[in-house]
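To start, the structure under review is shown below, and the notes come after it.
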Amino acid sequence: MRVGIEPESGPRARETARGWREPTDQGLDLSLLEESLAKTPWERMQANDDALRFAEALRAAMEKRRAEPE
Amino acid sequence: MQNLSELTRRLIEAQVEFVLIGGFAAVAHGVTLVTRDVDICCRFSVVNLMRIQKALADLHPVHRSRPELGLALTPEQCAGLKNLYLRTDLGVVDCLDAVLGVGDFESVREHSLELELPVGKCRILDLEALIRSKEAMDRDHDRVTVRQLREIERRQRAPGPDAGPGPLGN
């Protein structure tokens with residue numbers, strides 16, 4: 001089992017390593033867009049669901065934390 | 001727990017006649033913004049509305065504007081409906097009979113393409129019509145979506161290495 005943070009690879013990592021980001025067009029993050037376009041439509045739809053579930057889990061954790069006595 | 005893919009799968013399985021529109025259609029085209037609901041344009045016939053009702057029946061569907069009101073359509077009620085805004089256990093489903101900037105269901109269907117998903121065939125608003133609809137809505141997040149859709153469109157049209165992976169990435 002691999003544990004810990006894996007070094008990133010791909011265009012985003014290359015940008016970070018160079019210390020600059022790929023030029024963006026009107027504020028678009030082109031590397032994110034490219035990542036998305038490499039997926040199939042169904043994979044994109046499921047990635048959206050994963051992001052929703054992650055946001056829900058975060059929200060629940062924050063609410064739980066707020067409810068706990070200090 | 002939200003699961004928009006499962007909502008879509010249910011609509012396909014129930015043979016609802018619909019076109020995927022809005023943010024989830026934009027996601028399917030490649031837009032990176034996260035969306036929280038499924039928007040569809042569908043034929044508002046009794047048969048089709050009853051199929052929607054059946055597809056969502058065990059997900060405790062309620063009318064979003066009146067959550068105390070469960071979805072319990074009768075054929076008589078279907079006749080007067082134009083829109084159906086629903087909340088279910090798996091998320092929000094908005095059913096519209098027309099799309100701003102595109103037109104009624106027939107026009108929307110005309111400007112759609114068929115996607116072969118692992119769960120079945122699904123019609124989705126094409127890029128050009130989706131851009132038009134988002135421009136017509138003109139909310140902040142619509143403008144961001146349009147910028148991404150235009151870039152996707154540009155890549156699909158561009159010859160050579162800058163070209164996208166083809167229509168809808170397949």
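The values are calculated or read from the model by the stated rules, or taken from the named source; none is laboratory data. Remember, predicted model here, so these are calculated numbers, not experimental data. Please note: Cβ atoms are built from the backbone with ideal geometry, for glycine as well, and neighbour counts cover all protein chains shown.
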Exercise for the section: Just name the residue that is surrounded by the fewest Cβ atoms within 10 Å (Cβ to Cβ) out of those in segment B:24-50 that are within 14 Å of chain A (Cβ to nearest Cβ) and in contact with a strand residue (DSSP E or B) (Cβ under 6 Å, 6 or more places away or on another chain). Expected result: B:D37
Exercise for the section: Could you grab me the full set of residues in segment B:83-122 that are without any contact (Cβ under 8 Å) to a residue 24 or more places away in the chain and among the aromatic types (F, W, Y)? Expected result: B:Y85
Practice task
Could you look through segment B:51-67, keep only residues that are hydrophobic (A, V, I, L, M, F, W, C) and out of contact with any strand residue (DSSP E or B) (no Cβ under 7 Å at 6 or more places or on another chain), and pick out the one that is surrounded by the fewest Cβ atoms within 10 Å (Cβ to Cβ)?
Solution key: B:A57
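Condition check ((1) closer than 25 Å to B:E114 by Cβ; (2) more than 17 Å from the chain's Cα centre (by Cα); (3) within 10 Å of chain B (Cβ to nearest Cβ); (4) modelled with pLDDT of 95 or more) across all residues:
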| residue | (1), (2), (3), (4) |
| --- | --- |
| A:Q26 | no, yes, yes, no |
| A:D29 | no, no, yes, no |
| A:L33 | yes, no, yes, yes |
| A:L37 | yes, no, yes, yes |
| A:R44 | yes, no, yes, yes |
| A:D49 | yes, no, yes, yes |
| A:A60 | no, yes, no, no |
| A:R65 | no, yes, no, no |
| A:E68 | no, yes, no, no |
Practice task
Kindly check whether there is at least one residue in segment B:15-23 that is farther than 16 Å from A:D50 by Cβ, surrounded by fewer than 22 Cβ atoms within 10 Å (Cβ to Cβ) and at pLDDT 95 or above.
Solution key: yes
Exercise for the section: Could you check, for segment B:68-80, whether at least one of its residues is within 17 Å of the chain's Cα centre (by Cα) and either of a type outside the set (S, T, N, Q) or surrounded by fewer than 16 Cβ atoms within 10 Å (Cβ to Cβ) (or both)? Expected result: no
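To keep it simple, each residue is scored yes or no on (1) loosely packed, with under 11 Cβ neighbours inside 10 Å; (2) within 12 Å of another protein chain (Cβ to nearest Cβ).
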site	(1), (2)
B:K82	yes, no
B:G101	no, no
B:F105	no, no
B:V119	no, yes
B:D126	no, no
B:D140	yes, no
Handout entry: Any strands (runs of 3 or more DSSP E) falling wholly within segment B:64-170 and containing at least 2 residues that are modelled with pLDDT of 95 or more and either among the small types (G, A, S) or within 25 Å of B:R43 (Cβ to Cβ) (or both)
Key = B:83-88, B:91-96, B:112-117, B:120-125
Handout entry: Selected residue (criterion: nearest to the other protein chains (Cβ to nearest Cβ)) from residues of segment B:5-23 that are assigned to a helix (DSSP H, G or I) and farther than 14 Å from B:L117 by Cα
Key = B:G23
